[in-house]
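Below is one structure, written out as structure tokens, with a few remarks after it.
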Number of protein chains: 2
Amino acid sequence: MTLDPNCPFCKKLSDPKEWPASDVVWRFPHSVAVLGQWQQYTGYCILVSREHATELSQLGPNRAAFLDEMAILAEAIEACFHPHKLNYELLGNQVPHLHWHLFPRYVTDPDRQRPVWFALAEADTDTGEKRRLETSPLSRAETLTMLQDWLAANNAPGERGA
Amino acid sequence: MTLDPNCPFCKKLSDPKEWPASDVVWRFPHSVAVLGQWQQYTGYCILVSREHATELSQLGPNRAAFLDEMAILAEAIEACFHPHKLNYELLGNQVPHLHWHLFPRYVTDPDRQRPVWFALAEADTDTGEKRRLETSPLSRAETLTMLQDWLAANNAPGERGA
């Protein structure tokens, strides 16, 4: 796998201490799934390409497998937490290394008709809002285990994170 | 293909008059690519699933092909307009029928580190900003033709829209 020493995601991928085991949901062949910060969206995960690439076109023959891993993780989130809708986003405007944000949206979210980024922008300056957006009815450990158990039971390629 | 009579995207897919030929970039086997409204992001396209489904998991064996069509269209946008970065987003918070937003981001965009939704929200109330975000250095016809020519030259599955 090609890594870039100046890329924050490459650093996390190459140094096990950079990503706490308690955050790593699943190690797929082409990507690593980690539980994200904003667990008001219970099950929110980031899926990081193992290879340093900034667009899907750079993955060559691995592109389909990377997209399939994203869809499998999305299916796990859907099956475990039954969101109203999923949001699938690959942006990279700040860190261009390919990574998917998978945000489950719930009917209880008054802001559910808008992208999550408006609420998350408020968390930058409002510590109460930040805490609210980090908090789920489930603990992070419970959320992690539910996803891992579903992925294991459904023979997802790769292995459990922790 | 299963369509839902109450879904705005299904209506557009079933009635040729609903989508002007001048907006349709490409008809893939599993999706239709249309040129989006916000051409400040030159080449911005929406890729709509031909089948009415609200999550990728509902596409069954067609999921991989639908994702591949998205990646081919993204590659066309990249090859034609050389953006700084692409944003790939499947949200469906307002219209849940599966559709990708492919937003090319350019270095000339002062807001390029943030999702496009902040600028687009301003267009709701500011007609000057709305006009700016709809305007590209290229005409819509030029943009459409460049994408179609690249897709044809690269043997994309399906056929030219117009």
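The values are calculated or read from the model by the stated rules, or taken from the named source; none is laboratory data. The structure displayed is predicted, hence computed values, not measured ones. Here Cβ is always computed from backbone atoms with ideal geometry, including for glycine, and neighbour counts include all displayed protein chains. Just so you know, the surface numbers come from the protein's heavy atoms only, side chains and all, with ligands and any DNA or RNA stripped out. Shrake-Rupley method; radii C 1.70, N 1.55, O 1.52, S 1.80 Å.
Is it true that A:L59 is farther than 23 Å from A:P115 by Cβ and within 14 Å of another protein chain (Cβ to nearest Cβ)?
Taking the combined requirement at face value, the residue satisfies it.
Working only within the stretch A:50-80, note down all residues that are among the hydroxyl-bearing types (S, T, Y) and touching a strand residue (DSSP E or B) at 6+ places or on another chain (Cβ under 8 Å).
To start, the set of residues in the stretch A:50-80 that are among the hydroxyl-bearing types (S, T, Y) comprises A:54, A:57.
Residue satisfying the conditions is A:T54 alone.
For the stretch A:17-30, check the following and say yes or no: at least one residue is within 14 Å of chain B (Cβ to nearest Cβ) and open to solvent by 10 Å² or more (accessible area, probe 1.4 Å).
As a first pass, look at the stretch A:17-30 and keep what is within 14 Å of chain B (Cβ to nearest Cβ): A:30.
Narrowing further to those that are open to solvent by 10 Å² or more (accessible area, probe 1.4 Å): A:30.
Yes, the stretch A:17-30 contains at least one residue that is within 14 Å of chain B (Cβ to nearest Cβ) and open to solvent by 10 Å² or more (accessible area, probe 1.4 Å).
Looking only at residues in the stretch B:93-121 that are under 13 Å from the mean Cα position of the chain (by Cα) and open to solvent by 10 Å² or more (accessible area, probe 1.4 Å), which one is farthest from the other protein chains (Cβ to nearest Cβ)? Spell out the reasoning first.
Initial filter on the stretch B:93-121 (under 13 Å from the mean Cα position of the chain (by Cα)): B:98-104.
Filter once more, keeping what is open to solvent by 10 Å² or more (accessible area, probe 1.4 Å): B:99, B:101.
Details: B:H99: 11, B:H101: 9 Å.
Filtering first and then ranking leaves B:H99.
Return only the number of the condition from (1) modelled with pLDDT of 95 or more; (2) within 15 Å of A:V25 (Cα to Cα) that A:P115 does not satisfy.
(2)
What tally of residues in the stretch A:32-57 results from selecting those that are without any contact (Cβ under 8 Å) to a residue 60 or more places away in the chain and either more than 16 Å from A:L13 (Cβ to Cβ) or part of a strand (DSSP E or B) (or both)?
Residues meeting the conditions: 7.
What are the pairs, 6+ residues apart or on separate chains, where a residue within the stretch B:107-120 that is aliphatic (A, V, I, L, M) and assigned to a loop (DSSP other than H, G, I, E, B) has its Cβ under 7 Å from a residue that is surrounded by 13 or more Cβ atoms within 10 Å (Cβ to Cβ) and at pLDDT 95 or above?
Within 7 Å, the pairs are B:V107/B:H84; B:V116/B:Y41; B:V116/B:N87; B:V116/B:F103.
Given (1) out of contact with any His (no Cβ under 8 Å at 6 or more places or on another chain); (2) assigned to a helix (DSSP H, G or I); (3) surrounded by fewer than 17 Cβ atoms within 10 Å (Cβ to Cβ); (4) within 12 Å of chain A (Cβ to nearest Cβ), where does B:L67 come up short, assuming only one miss?
(3)
Find the residue count for the stretch A:73-85, including only residues that are open to solvent by less than 40 Å² (accessible area, probe 1.4 Å), facing chain B (nearest Cβ under 9 Å) and closer than 16 Å to A:F28 by Cβ.
Selection size over the stretch A:73-85: 1.
Has the stretch A:91-98 got at least one residue that is under 22 Å from B:E89 (Cα atoms), out of contact with any strand residue (DSSP E or B) (no Cβ under 9 Å at 6 or more places or on another chain) and either assigned to a loop (DSSP other than H, G, I, E, B) or among the hydroxyl-bearing types (S, T, Y) (or both)?
Here is the first cut: in the stretch A:91-98, the ones under 22 Å from B:E89 (Cα atoms) are A:91-98.
Okay, now just the ones that are also out of contact with any strand residue (DSSP E or B) (no Cβ under 9 Å at 6 or more places or on another chain), so A:94-95.
Next cut, either assigned to a loop (DSSP other than H, G, I, E, B) or among the hydroxyl-bearing types (S, T, Y) (or both) only: A:94-95.
Within the stretch A:91-98, one or more residues are under 22 Å from B:E89 (Cα atoms), out of contact with any strand residue (DSSP E or B) (no Cβ under 9 Å at 6 or more places or on another chain) and either assigned to a loop (DSSP other than H, G, I, E, B) or among the hydroxyl-bearing types (S, T, Y) (or both).
Checking B:R63 against (1) more than 19 Å from A:L86 (Cβ to Cβ); (2) free of Cβ contacts under 8 Å to residues at least 60 places away in the same chain; (3) in contact with an Asp or Glu (Cβ under 9 Å, 6 or more places away or on another chain), which test does it fail?
Status for B:R63: all satisfied but (1).
Across the stretch B:122-162, what is the number of residues that are open to solvent by 50 Å² or more (accessible area, probe 1.4 Å), of a type outside the set (V, I, T), without any contact (Cβ under 8 Å) to a residue 12 or more places away in the chain and part of a helix (DSSP H, G or I)?
Number satisfying all stated conditions: 6.
I'm checking my understanding of the structure. Among residues of the stretch A:11-31 that are in a loop (DSSP other than H, G, I, E, B) and in contact (Cβ under 8 Å) with a residue 24 or more places away in the chain, which one is nearest to A:E75 (Cα to Cα)?
If we filter the stretch A:11-31 for residues that are in a loop (DSSP other than H, G, I, E, B), which is where we start, we get A:15, A:19-20, A:28-30.
From what's left, in contact (Cβ under 8 Å) with a residue 24 or more places away in the chain: A:28-30.
Numbers: A:F28: 14, A:P29: 17, A:H30: 17 Å.
By that ranking, first place goes to A:F28.
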